[in-house]
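Working notes, beginning with the structure itself.
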Amino acid sequence: MTLTPPAPGLVVRNLPERIALSDFKLIAFDMDSTLINIECIDEIADVAGKKAEVAAITEAAMRGEITDFRDSLTRRLALLRGVPAEALQKVYDERLELNPGAQTLVAACQQAGLKVLLVSGGFTYFADRIKERLGLDFARSNRLELTNGALTGRVEAQSWGDICDGAEKRRTVMDLASLMGIEADQVIAVGDGANDLPMMEASGLSVAFHAKPKVREKAGVAINEGGLDRLLEILR
């Protein structure tokens, strides 16, 4: 059953009539094109003059046409070899903005007692700054390898692994929920691309934000117009 949405551009499926933000204990956000307005890897590529080639791979991966995120990321990173590290700061300063409603939704979640996780197939350079900017509790993402002030075209291994793909996103969310002593149905997962589906499908409430068709179709809530804070029209 699809409930009548509070306003156009908001689709709600198979949710209880009464559901509150305080029913949940953890919310997990994707970063690129979800919490923030850009795909960082595409913008780094643009600074390097390689955006068209990289963005085409990004789009295919997010639509689910390239099903191996690890392969798609490896291919895109290889195109960025030699890009100076200064390009990352340029992207952050000049191109990256929080998506509308992001700050409002995060603040409402924090006020309701939820812990907030950013889990991204993007990069620590941006994720760590967004974590600090919004006062998030946790962040996990990929760490770009740098040598002599330039990208090598690879990521560095971290304690949990090397690439945060869809499976790692799900594992991160579920492991954190387990450590917090909460059930999967007390978790909200918010994303826009195919690599967000594993964590969305494992969570109690899945939210698609201006997402690819495959993701919109499977989400409990699809925000197709307006900002992230439209979730608060449902979770009061």
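The values are calculated or read from the model by the stated rules, or taken from the named source; none is laboratory data. Computed from a prediction, not measured in an experiment: that's the story for all the values here. Don't worry about glycine lacking a Cβ; one is built from the backbone with ideal geometry, like all the others, and counts go over all protein chains shown. Protein only, heavy atoms only, side chains kept; ligands, DNA and RNA dropped before computing areas. Shrake-Rupley method; radii C 1.70, N 1.55, O 1.52, S 1.80 Å.
Here the condition is being closer than 22 Å to residue 224 by Cβ, without any contact (Cβ under 8 Å) to a residue 60 or more places away in the chain, of a type in the set (D, E, K, R) and in a loop (DSSP other than H, G, I, E, B); of 59, 65, it holds for 65 alone.
Is region 101-118 home to any residue that is among the polar types (S, T, N, Q) and within 22 Å of residue 194 (Cα to Cα)? No, that holds for no residue. Within region 11-41, the residues that satisfy the criterion of being in a loop (DSSP other than H, G, I, E, B), charged (D, E, K, R) and either open to solvent by 20 Å² or more (accessible area, probe 1.4 Å) or at positive phi (or both) are 17, 18, 25, 39. If you go through region 74-95 one residue at a time, how many are open to solvent by less than 70 Å² (accessible area, probe 1.4 Å) and either touching a Ser or Thr at 6+ places or on another chain (Cβ under 9 Å) or in a loop (DSSP other than H, G, I, E, B) (or both)? Count: 8.
Considering only residues in region 46-62 that are of a type in the set (Gly, Ala, Ser), open to solvent by 20 Å² or more (accessible area, probe 1.4 Å) and at negative phi, the one that is modelled with the lowest pLDDT turns out to be 48. Can you spot a residue in region 96-111 that is assigned to a loop (DSSP other than H, G, I, E, B) and out of contact with any Gly (no Cβ under 8 Å at 6 or more places or on another chain)? Yes, there is a match, as at least one residue in region 96-111 is assigned to a loop (DSSP other than H, G, I, E, B) and out of contact with any Gly (no Cβ under 8 Å at 6 or more places or on another chain). With respect to the conditions (1) over 13 Å from the mean Cα position of the chain (by Cα); (2) buried (at least 16 other Cβ atoms within 10 Å of the Cβ), residue 140 falls short on a single one, namely (1). If only residues of region 184-217 that are of a type in the set (Val, Ile, Thr) and more than 12 Å from the chain's Cα centre (by Cα) are counted, the one that is farthest from residue 172 (Cα to Cα) is 215.
Results for (1) modelled with pLDDT under 95; (2) touching a strand residue (DSSP E or B) at 6+ places or on another chain (Cβ under 9 Å), shown as yes or no for each residue.
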{"position": "157", "(1), (2)": "no, yes"}
{"position": "175", "(1), (2)": "no, no"}
{"position": "181", "(1), (2)": "no, no"}
{"position": "187", "(1), (2)": "no, yes"}
{"position": "190", "(1), (2)": "no, yes"}
{"position": "201", "(1), (2)": "no, yes"}
{"position": "205", "(1), (2)": "no, yes"}
{"position": "214", "(1), (2)": "yes, no"}
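Count of region 171-214 residues, restricted to those that are basic (Lys, Arg) and open to solvent by 50 Å² or more (accessible area, probe 1.4 Å), is 2.
If you check residue 111 against the conditions, is it surrounded by fewer than 22 Cβ atoms within 10 Å (Cβ to Cβ), free of Cβ contacts under 8 Å to residues at least 40 places away in the same chain, polar (S, T, N, Q) and farther than 18 Å from residue 143 by Cβ? For residue 111, the condition - surrounded by fewer than 22 Cβ atoms within 10 Å (Cβ to Cβ), free of Cβ contacts under 8 Å to residues at least 40 places away in the same chain, polar (S, T, N, Q) and farther than 18 Å from residue 143 by Cβ - is met.
Whenever a residue of region 121-138 is assigned to a helix (DSSP H, G or I), its partners that are modelled with pLDDT of 95 or more and basic (Lys, Arg), lying with C-beta atoms within less than 6 angstrom and at least six residues away or across chains, give the pairs 124/143.
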